[in-house]
Amino acid sequence: MPELLPLVNWPPAYPALWAATLNLGGGDIDKVSSLLNPLLLMVTSLSVFWVCRMVTGSASVAGIMAVVNAFTPMSMIVYGHAWSETLFIPVLLLAYAAFWKYRISQEKFIWLAAAAVLIGGSNWVRYAGAVFLPLLGFSVLVASGSALGKRITHAAGAMLLGAAVAFPLWLRNWQLTGNISGSDRGGVTRMDRLFEDMATIVDLFEHSFFSFSMVLRANLELPILIAAAFVAYKAFRRSGIRWLRPPEIWLPLVWLAGYLVFLLYARKVQVTVDLDLRMLAVGFPFLLLAMA
């Protein structure tokens, strides 16, 4: 009889959710995606709406951004498959929403604790959730309006709480494989691959805007870039660099950039990390939040 080996390359939360949904579906595995994916997409859309409502103060703008996020080619592809990103994305967005609620509620720690628990829990869905712990701490330090001592205390407390949620998984993987992710080491070592990976990220983001149609991209990409450059130029003419100062704009971009940098790093150290659409889809809602 073959030896049973623990499966550590993938965290257990998404398979556990599938198992629970399988019971609700009467044991028919073909019904799991049809039950689970629409629900997770709804949670994602409501999370986008919640954040945009807090950021803009406008329910109509928040509704538009939620609908746009739901029907982007990236979302339609990701939520049409049985991928763990369908759970990872709403968990992260709920964490970001909880952080923003913390920010506008006079820094009530209960909301920051909720964000920390969600980010810690995201590690049980995708190991990439680990990068959002320092991003959360950074967000508290730079985007909070409280005294420096309180910011440092809250940032440290949130990171420790999130790490405590993920620690049992990290410890188990460390005992079994010698690292917290459970993945084999020995990623890409060539330096020029870094530039190839960066080009892949840009290309996938561009394609996703045009439903992966080369015809649409060829005819619409240049006019859209010109229009975006014109809008940015007018904004800088009107407000100068202050246009970029509100954290409503730059903070989601920091979360997006931090996640993409983590993916590039993971490619250098892990064998099993590939850059594909579903991985980049995790960061796409944060781009929309910055645009709101």
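Once the stretch 106-163 is narrowed to residues that are among the polar types (S, T, N, Q), surrounded by fewer than 16 Cβ atoms within 10 Å (Cβ to Cβ) and on the phi < 0 side of the Ramachandran plot, the residue that is modelled with the lowest pLDDT is Ser146.
Yes/no per residue for (1) under 27 Å from Ser33 (Cβ atoms); (2) aliphatic (A, V, I, L, M):
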residue	(1), (2)
Ala98	no, yes
Tyr102	no, no
Glu107	no, no
Leu118	yes, yes
Ala128	yes, yes
Phe138	no, no
Ser146	no, no
Ala156	no, yes
Ala163	no, yes
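Would you be able to tell me the number of residues in the stretch 82-105 that are over 19 Å from Met279 (Cα atoms), modelled with pLDDT of 95 or more and aliphatic (A, V, I, L, M)? Here the count works out to 2. Of all the criteria given as (1) at pLDDT 85 or above; (2) assigned to a helix (DSSP H, G or I), the one not satisfied by Ser34 is (1). Taking the numbered list (1) surrounded by 15 or more Cβ atoms within 10 Å (Cβ to Cβ); (2) over 18 Å from Val125 (Cα atoms) in turn, Ser58 passes all entries but (1). Could you list, in sequence order, all residues of the stretch 53-85 that are touching a residue at least 12 places away in the same chain (Cβ under 8 Å), within 26 Å of Leu112 (Cα to Cα) and not small (Gly, Ala, Ser)? If the condition is that a residue be touching a residue at least 12 places away in the same chain (Cβ under 8 Å), within 26 Å of Leu112 (Cα to Cα) and not small (Gly, Ala, Ser), then Met54, Val55, Thr56, Val61, Met65, Asn69, Glu85 are the ones that fit. Among residues that are free of Cβ contacts under 8 Å to residues at least 12 places away in the same chain, within 19 Å of Leu40 (Cα to Cα) and aromatic (Phe, Trp, Tyr), Phe88 is not included.
Applying a threshold of 6 Å to beta carbon distances and a minimum spacing of six or more residues, or different chains, the list of pairs starting in the stretch 104-120 at a residue that is farther than 13 Å from Leu133 by Cα and ending at one that is at pLDDT 95 or above and of a type in the set (A, V, I, L, M) reads Trp111/Ala98. Does the stretch 202-224 contain any residue that is in contact with a Pro (Cβ under 8 Å, 6 or more places away or on another chain), at pLDDT below 80 and on the phi > 0 side of the Ramachandran plot? Yes; the residues of the stretch 202-224 include at least one that is in contact with a Pro (Cβ under 8 Å, 6 or more places away or on another chain), at pLDDT below 80 and on the phi > 0 side of the Ramachandran plot. In this structure, Ala59 does not satisfy being of a type outside the set (Val, Ile, Thr), under 30 Å from Leu171 (Cβ atoms) and out of contact with any Ser or Thr (no Cβ under 7 Å at 6 or more places or on another chain).
Which of the residues spanning the stretch 37-79 are in a helix (DSSP H, G or I), under 16 Å from the mean Cα position of the chain (by Cα) and of a type outside the set (A, V, I, L, M, F, W, C)? Matches in the stretch 37-79: Thr44, Ser45, Ser47, Asn69, Ser75.
Considering the stretch 252-275 alone, what residues qualify as being among the hydroxyl-bearing types (Ser, Thr, Tyr) and either at pLDDT 90 or above or not in a helix (DSSP H, G or I) (or both)? Passing the criteria: Tyr259, Thr272.
The values are calculated or read from the model by the stated rules, or taken from the named source; none is laboratory data. Given the structure is predicted, the values throughout are model-derived calculations rather than measurements. Backbone-built Cβ (ideal geometry, glycine too); neighbour counts: all protein chains shown.
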